[in-house]
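Trainee: One structure, pasted below without further comment.
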Amino acid sequence: MTLDEAIREYQEDGHEVTHVVESVCGGCGGTSFTVQLTEDQAMRRTCLGCGLAEFIGDSDEHWDPDDAEECECTCGGEEFAAALGSSCGPDGEVRWLTVGLRCLKCGLCGVYEDWKIDYLPSGHLVTRA
Ligand SMILES: [Zn+2]
Ligand SMILES: [Zn+2]
């Protein structure tokens, strides 16, 4: 299963994933990351190539650095490719975000977090992978 498929298959509360965008480092164009996650459903990825840390979706709005933990695959791997799935309504606004990671060590794809978007406008979040 590809990362795209894993994200589209995972549909929380019937929110169909309408867009999947792969995470690409804004600094060097890299696609390998360590990923940090908080209990408050905020995610940040750090590029393995250049060390730049960037937030996924609207995670910068509710980020708590004291609460952040490294995502870890069941194999113990902590390096991932990442992608952001968005569930958009007919109006193009995002209702739900789903973040999937693919372990670079064993290739396992999975959804690590998803959260509701309950404000407008939110269409810009689609590309913030
Ligand atoms: Zn980079
Ligand atoms: Zn793994």
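The values are calculated or read from the model by the stated rules, or taken from the named source; none is laboratory data. This one's a predicted model, so the numbers in the text were calculated from it and none came from an experiment. Here the Cβ positions follow ideal geometry from the backbone for every residue, glycine too, while neighbour counts run over all protein chains shown.
Trainee: Can you name the residue in the stretch 92-111 that is touching a Leu at 6+ places or on another chain (Cβ under 6 Å) and over 18 Å from V24 (Cα atoms) and is also nearest to ligand 1 (Cβ to nearest atom) among such residues?
Mentor: Filtering the stretch 92-111 for residues that are touching a Leu at 6+ places or on another chain (Cβ under 6 Å) and over 18 Å from V24 (Cα atoms), the one nearest to ligand 1 (Cβ to nearest atom) comes out as V94.
Trainee: Identify all residues within the stretch 19-42 that are in contact (Cβ under 8 Å) with a residue 40 or more places away in the chain, in a loop (DSSP other than H, G, I, E, B) and under 15 Å from E113 (Cβ atoms); write none if there are none. So that I can check it myself, show each step before the final result.
Mentor: Residues of the stretch 19-42 in contact (Cβ under 8 Å) with a residue 40 or more places away in the chain: 19-24, 31-35, 37, 41.
Narrowing further to those that are in a loop (DSSP other than H, G, I, E, B): 23-24, 31-32, 41.
The answer is S23, Q41.
Trainee: Could I ask something else about it? Could you pull out the residue among G77, G49 that is among the small types (G, A, S) and within 16 Å of ligand 2 (Cβ to nearest atom)? Reasoning before the result, please.
Mentor: On the way: G49 fails: within 16 Å of ligand 2 (Cβ to nearest atom).
Residue meeting the stated conditions: G77.
Trainee: For the stretch 8-18, check the following and say yes or no: at least one residue is away from ligand 2 (no atom under 16 Å from the Cβ), among the acidic types (D, E) and over 21 Å from Y119 (Cβ atoms). Walk me through how you get there before you give the answer.
Mentor: The first filter runs over the stretch 8-18 and keeps only residues away from ligand 2 (no atom under 16 Å from the Cβ), leaving 8-18.
Imposing the further condition that a residue be among the acidic types (D, E) reduces the set to 9, 12-13, 16.
This time we only want the ones that are over 21 Å from Y119 (Cβ atoms), so: 9.
Yes, because at least one residue in the stretch 8-18 is away from ligand 2 (no atom under 16 Å from the Cβ), among the acidic types (D, E) and over 21 Å from Y119 (Cβ atoms).
Trainee: So, in the stretch 19-32, how many residues would count as being under 11 Å from G85 (Cα atoms) and within 16 Å of ligand 2 (Cβ to nearest atom)?
Mentor: Start the filter on the stretch 19-32 by keeping residues that are under 11 Å from G85 (Cα atoms), which leaves 19-23.
Within this subset, residues satisfying the condition of being within 16 Å of ligand 2 (Cβ to nearest atom) are none.
Total satisfying the criteria: 0.
Trainee: Still on this structure: Output the strands (runs of 3 or more DSSP E) that fall wholly within the stretch 69-129 and possess 3 or more residues being surrounded by 21 or more Cβ atoms within 10 Å (Cβ to Cβ) and in contact with an Asp or Glu (Cβ under 9 Å, 6 or more places away or on another chain), or say none.
Mentor: Working: elements: 80-88, 94-103, 109-116.
Strands (runs of 3 or more DSSP E) meeting the threshold: 80-88, 94-103.
Trainee: I'm trying to understand the selection: among the residues of the stretch 70-91, which are under 18 Å from G57 (Cβ atoms) and at pLDDT 95 or above?
Mentor: At the first step, the residues of the stretch 70-91 found to be under 18 Å from G57 (Cβ atoms) are 71, 80-89.
Correct list: C71, F80, A81, A82, A83, L84, G85, S86, S87, C88.
Trainee: Only residues that are loosely packed, with under 15 Cβ neighbours inside 10 Å and among the aliphatic types (A, V, I, L, M): list them for the stretch 34-67, please.
Mentor: Of all residues in the stretch 34-67, those loosely packed, with under 15 Cβ neighbours inside 10 Å come to 39-40, 49-53, 60-62, 64-67.
If the condition is that a residue be loosely packed, with under 15 Cβ neighbours inside 10 Å and among the aliphatic types (A, V, I, L, M), then L52, A53 are the ones that fit.
Trainee: I've got another one for you. Is at least one residue of the stretch 43-56 within 20 Å of W115 (Cα to Cα), outside any loop (DSSP other than H, G, I, E, B), in contact (Cβ under 8 Å) with a residue 12 or more places away in the chain and away from ligand 1 (no atom under 16 Å from the Cβ)? If you could, list the steps in order and put the result at the bottom.
Mentor: Here is the first cut: in the stretch 43-56, the ones within 20 Å of W115 (Cα to Cα) are 43-45, 54-56.
If we keep only those that are outside any loop (DSSP other than H, G, I, E, B) as well, we get 43-45, 54-55.
Right, trim to in contact (Cβ under 8 Å) with a residue 12 or more places away in the chain and you get 43-45, 54-55.
With away from ligand 1 (no atom under 16 Å from the Cβ) added as a condition, the list becomes 43.
Checked against the condition, which is being within 20 Å of W115 (Cα to Cα), outside any loop (DSSP other than H, G, I, E, B), in contact (Cβ under 8 Å) with a residue 12 or more places away in the chain and away from ligand 1 (no atom under 16 Å from the Cβ), the stretch 43-56 yields at least one hit.
Trainee: Looking at this structure, is S87 closer than 12 Å to V20 by Cα and in contact (Cβ under 8 Å) with a residue 24 or more places away in the chain?
Mentor: Details: closer than 12 Å to V20 by Cα: yes; in contact (Cβ under 8 Å) with a residue 24 or more places away in the chain: yes.
For S87, the condition - closer than 12 Å to V20 by Cα and in contact (Cβ under 8 Å) with a residue 24 or more places away in the chain - is met.
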